[in-house]
Structure formats: C-alpha cells, structure tokens
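S.K.: Structure below; questions to follow.
The values are calculated or read from the model by the stated rules, or taken from the named source; none is laboratory data. All values reported here derive from a predicted model rather than from experimental measurement. So basically every Cβ, Gly included, is an ideal-geometry build from the backbone, and we count neighbours across all protein chains shown. In case anyone asks, the SASA skips ligands and DNA or RNA and just uses the protein heavy atoms, side chains included. Shrake-Rupley method; radii C 1.70, N 1.55, O 1.52, S 1.80 Å.
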Amino acid sequence: MVEVHQLSRRDARRIAVQAQLLTRQRPTDLVETVRQLSLLQIEPTSAVAPSAELVLWSRLGSSFDAHELWDAVDEQRLIEVHQSLRAPEDIVLIRAEMDHWRNREELSGWERSVTEWVFANNDCRREILERLRADGPLPSSELPDTCVVPWKSSGWNDNRNLRMMLDQLVRRGEVAAAGGTGRDRLWDLADRIYPDDPVPSLEEAERLRNERRLHSLGIARARTTKLPFEPVDVGETGEQAVVEGVRGTWQVDPAYLAQPFAGRAALLSPFDRLLADRKRMAELFDYDYILEMYKPEAKRRWGYYALPILYGDRLVGKLDARADRAAGVLEVSAIHQDEPFGKAMSAAVDREIEDLARWLDVEVVRLDQG
C-alpha cells in the first residue's frame with residue numbers, strides 16, 4: 001500500500017519555502033539558483049526593480065549584481081523562452097512541446113487560427129528565417145515585416161505583425177531569443193541557441209518537467225488551474241500527501257520531508273514563483289494578495305507594486321515601496337501588517353528593506369513614518 005504523508009500546514013509551508021531557496025541558508029550561485037527555481041519570469045514593470053532581478057535578490061541578497069544575470073543570458077548560460085529564463089538543459093523538454101505544436105494535425109479553434117495566420121504570411125516567415133540565417137543574431141528592427149494578413153486582436157497586439165510572428169516562430173521552435181533586453185533583444189535561429197540535445201517524446205518530456213517543477217515547488221497539486229507556458233500542477237510525480245485542514249491530496253517531493261528548517265525574512269516580487277499558484281497560496285499560507293498596479297489608485301489596498309513579505313514560513317504582510325534611482329531613493333509608503341509585527345519581525349523586515357536599498361544603491365526614505 002502506498003504511504004500517504006500526513007503534513008501540518010506549517011510542514012507544507014516549510015517545504016514550499018525551502019524548495020524556493022528562501023531559508024536562512026542562502027544560495028550563492030546565480031545559474032544554480034535559476035536551475036532550482038526552474039524559471040525566472042521576465043516582466044517589464046520595474047517600480048522597484050525588474051521582477052527577474054528582484055527574485056534573485058530575494059535569494060542571493062545585495063551581493064547579487066544584476067549585470068551578472070544578463071551576462072549569463074548573453075553567454076547562453078541561461079536561455080530565454082516564453083517570457084522566462086531557464087537553465088539550458090531544460091530547453092530540450094520545451095522543444096518536445098514545440099515539435100508537437102509544429103507537427104500535429106489536430107488543433108483547437110485558436111490553434112488552428114494562429115497556424116493559418118502564420119502560413120497566410122509564409123513569405124514573411126521565410127524571409128525572417130533567411131535573414132537570420134544570413135546575418136543573425138539581429139534585433140527585431142532589422143527583420144522584415146512583410147505580412148499580407150495583419151494580426152487581429154481586440155487588445156494592444158492588434159497589427160503588431162512582426163512581434164506576433166516572432167512569438168509564433170518561438171512557439172514553433174524555429175526562432176529563439178539570443179540575448180539583449182527590451183528593444184535591444186536579439187533574435188536568431190533556434191538551432192543556434194538551443195542546446196543540441198536529443199529531444200524526448202512529448203510524454204517523457206512532460207514527466208521530466210513535472211519532476212523538475214515539483215522539485216522547485218516542493219509541494220503541489222496533481223491537477224489544478226492551467227497557466228500559460230508553465231503550469232503549477234505536477235501530475236502523479238512525487239509522493240502523495242494530505243495537509244491538515246486542507247481538502248484533497250497533494251504531491252510532495254520526498255527530498256524535503258523531515259528536513260531541518262531555519263527561516264528568515266524576505267521581500268518578494270509580485271511575480272515570485274512561491275506565489276504563482278494563487279490557490280495554493282491561499283490554502284497553505286492563508287494569504288490574501290493581488291497585484292494592484294492595474295487598479296485605479298483609489299481602489300488599491302496595498303499599493304501599486306506591493307512586495308509580499310515572508311517571515312519564516314508565513315506570508316505576513318505587504319511592502320508598499322517604489323525606487324526612484326534618478327533621485328537615489330527607495331520610498332517606503334507603508335508596511336501593511338497582516339498580523340501585528342513583534343520587535344524581532346519588525347527588525348528583520350527593516351533589515352531586508354535596508355538590504356534592498358543597498359542593492360539598488362539608493363537611500364531609504366520612510367514616508368510611512370511621517
């Protein structure tokens with residue numbers, strides 16, 4: 001009979017925090033950190049700092065130099081795919097999905113319409129590939145936009161033909177990001193960027209990705225709400241567990257069971273992987289949080305880009321802060337306490353704020369203290 005592990009919610013939280021490298025024993029190697037986290041989401045908002053950089057600062061501390069991250073991307077020690085940075089050896093697992101997408105015959109309505117759009121503009125697709133083959137890597141400003149059928153969207157991507165073509169060529173495994181950031185991002189043929197490793201079957205790739213994902217999350221549901229590009233469920237990998245006071249079963253990585261735990265304070269990016277599964281966040285951490293930058297100012301409870309505050313194995317509040325590097329300040333508007341902070345907790349959070357300012361090379365200005 002298969003053993004089902006009995007976990008308290010504290011046990012489950014500690015497994016999740018430990019898997020995400022947020023304990024007192026900080027990691028020291030940038031690439032190894034990304035490898036353990038499984039991915040770094042690229043998100044352009046930088047009210048405090050770009051999310052990918054902020055996630056690494058939360059783990060590595062103020063000794064982390066953001067230039068090292070983008071150097072690692074330029075040197076292909078980390079590879080960008082689907083708006084995230086990943087270790088090179090994980091790319092082959094995503095390529096299995098790309099191959100399946102490019103070659104399969106049965107498509108959903110949206111998939112069919114996207115495929116039809118690409119091939120309605122097949123001359124543009126070929127011209128992009130030929131230009132990259134001859135002169136790549138290149139920025140998008142040096143690639144042709146000869147689409148004869150415009151991209152139709154009810155949102156802000158309407159008529160952004162070249163951008164959407166590049167997205168689809170990445171999805172098909174034909175083109176890859178080749179370093180650079182923002183408007184200076186470079187593109188090249190995928191075969192020049194991605195490691196030349198044998199691509200497993202789609203089923204084997206899914207199994208291995210589930211294993212990698214569970215190891216980075218520690219504990220997760222076998223099935224839950226789907227997210228684009230990187231799910232938060234893990235199938236049947238790992239071992240079954242039940243969590244006291246939470247309905248249903250979980251999958252847990254046994255490597256984290258009965259491990260000693262030494263927690264610390266941490267300020268997290270709103271896009272931190274610890275928070276990616278909002279249902280898990282509510283069930284295990286009993287934490288209420290939503291990124292409010294899309295809300296009108298009058299309707300915000302915590303601030304434009306509030307940073308979740310971790311203390312030990314609990315999410316205990318939100319930091320409303322913004323960095324103005326031109327003025328050389330980190331403005332702290334409020335520290336929202338989900339529970340009253342004791343002296344030790346307040347001191348630990350203040351140290352993290354000071355470390356954040358040191359990393360940003362700015363001074364803290366406490367607007368919350370008048």
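S.K.: Shape verdict for region 74-181, please, from the Cα gyration tensor: rounded (a/c under 1.5), prolate (a/b greater than b/c) or oblate. Before the final figure, lay out each step's value.
M.R.: On the way: a/c = 1.68, a/b = 1.20, b/c = 1.40.
Oblate is the answer for region 74-181, as a/c is 1.5 or above yet b/c matches or exceeds a/b.
S.K.: Compare the Cα positions of Val252, Ala282, Val362 along the charge dipole of the chain (+1 at Cβ of Lys, Arg; -1 at Cβ of Asp, Glu; about the Cα centre) and return the one farthest towards the positive end.
M.R.: The Cα lying farthest towards the positive end belongs to Ala282.
S.K.: Oh, and also: Along the Cα→Cβ direction, 7 angstrom out, place labels at Leu138 and Glu339. What is the inter-label distance in nm?
M.R.: The two pseudo-label positions are separated by 5.8 nm.
S.K.: While we're here: In terms of the ratio Rg/(2.2 N^0.38 Å) built on C-alpha atoms, what value belongs to region 241-285? Provide the component values of the computation, followed by the final result.
M.R.: On the way: Rg = 12.6 Å, N = 45, 2.2 N^0.38 = 9.3 Å.
Cα Rg divided by the expected 2.2 N^0.38 Å: 1.35.
S.K.: Taking the solvent-accessible surface of protein heavy atoms with a 1.4 Å probe, what is the per residue accessible area of region 54-111 in Å²?
M.R.: 43 Å²
S.K.: How high is the FRET efficiency from Glu3 to Ala327, r the C-beta distance, R0 56 Å, rounded to 0.05?
M.R.: 0.45
S.K.: Another question, if that's okay. Skip the ligands, DNA and RNA, and give the accessible area per residue of region 169-283 with a 1.4 Å probe, whole Å².
M.R.: Each residue of region 169-283 exposes 45 Å² on average to a 1.4 Å probe.
S.K.: Now a separate question. Between Leu227 and Thr28, what is the label-to-label distance in nm when each label sits 7 Å out along the Cα-to-Cβ direction?
M.R.: 3.1 nm
S.K.: Residue by residue through region 247-253, which ³J(HN,Hα) values in whole Hz follow from phi under the Karplus form 6.51 cos²θ - 1.76 cosθ + 1.60 (θ = phi - 60°), with glycine and proline marked x?
M.R.: Along region 247-253, the couplings run 6, x, 10, 10, 10, 10, 7 Hz.
S.K.: For the pair Glu127/Arg278, report the inter-label distance in nm, with labels modelled 7 Å from Cα in the Cβ direction.
M.R.: Between Glu127 and Arg278, the label points sit 4.1 nm apart.
S.K.: Rank these by accessible area, largest first, 1.4 Å probe: Arg13, Arg213, Arg207.
M.R.: Arg207, Arg13, Arg213
S.K.: For the pairs Lys226/Lys343; Lys152/Lys226; Lys152/Lys295; Lys226/Lys295, note any where the Cα-Cα span goes beyond 31 Å.
M.R.: Among Lys226/Lys343; Lys152/Lys226; Lys152/Lys295; Lys226/Lys295, the Cα-Cα distance tops 31 Å for Lys226/Lys343.
S.K.: From the square roots a ≥ b ≥ c of the eigenvalues of the alpha-carbon gyration tensor of region 128-261, which class results: rounded (a/c under 1.5), prolate (a/b over b/c), or oblate?
M.R.: Prolate shape, in that a/c is at least 1.5 and a/b is the bigger ratio.
S.K.: What residues have an amide H closer than 5 Å to that of Gly180, excluding those fewer than 5 places away on the same chain, when H is modeled at 1.01 Å from N in the peptide plane?
M.R.: Asp74, Leu186
S.K.: Could I ask something else about it? Mind jotting down a quarter of the surface of the convex hull over the alpha carbons of region 170-210, in square nanometres, one decimal?
M.R.: 3.8 nm²
S.K.: Report the charge-dipole magnitude of region 236-370 in Debye, nearest 20, computed about the Cα centre from +1 at each Lys and Arg Cβ and -1 at each Asp and Glu Cβ. Could the numbers behind the result be given before it?
M.R.: Working: 18 positive and 24 negative charges, 59 e Å.
The dipole of region 236-370 has a size of about 280 debye.
S.K.: Find, among the trypsin sites (Lys or Arg not before Pro) in region 78-150, those assigned to loop by DSSP (not H, G, I, E, B) with at most 15 other beta-carbon atoms within 10 angstrom.
M.R.: Answer in residue order: Arg104.
S.K.: Further question on the same structure: Rounded, prolate or oblate: pick one for region 211-269, where a ≥ b ≥ c are the square roots of the eigenvalues of its C-alpha gyration tensor, a/c under 1.5 means rounded, and failing that, prolate if a/b is larger than b/c, else oblate.
M.R.: On the way: a/c = 1.58, a/b = 1.17, b/c = 1.35.
Because a/c hits 1.5 or more and a/b fails to exceed b/c, region 211-269 counts as oblate.
S.K.: Something else: Using a 1.4 Å probe over the heavy atoms of the protein chains, calculate the carbon and sulfur portion of the accessible area of region 40-85 as a whole percent.
M.R.: The C+S portion of the solvent-accessible surface of region 40-85 is 45 percent.
S.K.: Would you rank Asp272, Asp196, Asp324 by solvent-accessible area, highest first, keeping every protein chain in place and using a 1.4 Å probe?
M.R.: Asp196, Asp324, Asp272
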